[in-house]
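Let me begin by presenting the structure, written as C-alpha cells, before commenting on it.
The values are calculated or read from the model by the stated rules, or taken from the named source; none is laboratory data. All figures in this text were calculated on a predicted structure; none of them were measured in a lab. A quick note on method: Cβ atoms are made from the backbone with ideal geometry, for glycine too, and the neighbour counts reach across all protein chains shown.
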Amino acid sequence: MERVKIRQVVEEAIQTVRTLRDRPVGEPVRDDTSLLGSQSEFDSLAFVQLIVEVEQRLASNLGMVLSLTDERAMSQRHSPFLTVRSLVEYIERVSQEKPR
C-alpha cells in the first residue's frame, strides 16, 4: 500500500483524536511526532483512541483490515508506536505481508 495514503490516514486519525481531546488541530503532524512516552501529547486513553481510529480509517478509506495491537506488534524490540514514522512503516510492512 502506498506510504503516502497510510501517512494521511494516520494524520487524520491524530487530528480526530486531538479534536475529541480539545487539543489544537492545526498543530503540524510530523514524521517524528511522538505517539508514546513522555514526549507524546497522548495519554494512555488517547493513545487507545488513536489506534482504534487508525484501524477504522485504514478499513474504511483503504480497505485494509488490520489489528495493530496484536502479539507481533507488542513483542517487537522497538515499538512501532513510538512515532508517526514508525507507525506508518509498521502498517506498510504488515499490509504487504498480509495475504489478500
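Filter segment 8-47 for residues that are at pLDDT 90 or above, touching a Lys or Arg at 6+ places or on another chain (Cβ under 6 Å) and not in a helix (DSSP H, G or I) and give the result.
ASP31
Working only within segment 48-87, note down all residues that are modelled with pLDDT of 90 or more, part of a helix (DSSP H, G or I) and either acidic (Asp, Glu) or over 15 Å from VAL9 (Cα atoms) (or both).
VAL48, GLU53, GLU55, listed by residue number.
Kindly establish whether VAL52 is more than 12 Å from the chain's Cα centre (by Cα) and without any contact (Cβ under 8 Å) to a residue 40 or more places away in the chain. Before the answer, list the steps.
Numbers: more than 12 Å from the chain's Cα centre (by Cα): no; without any contact (Cβ under 8 Å) to a residue 40 or more places away in the chain: yes.
The answer is no for VAL52.
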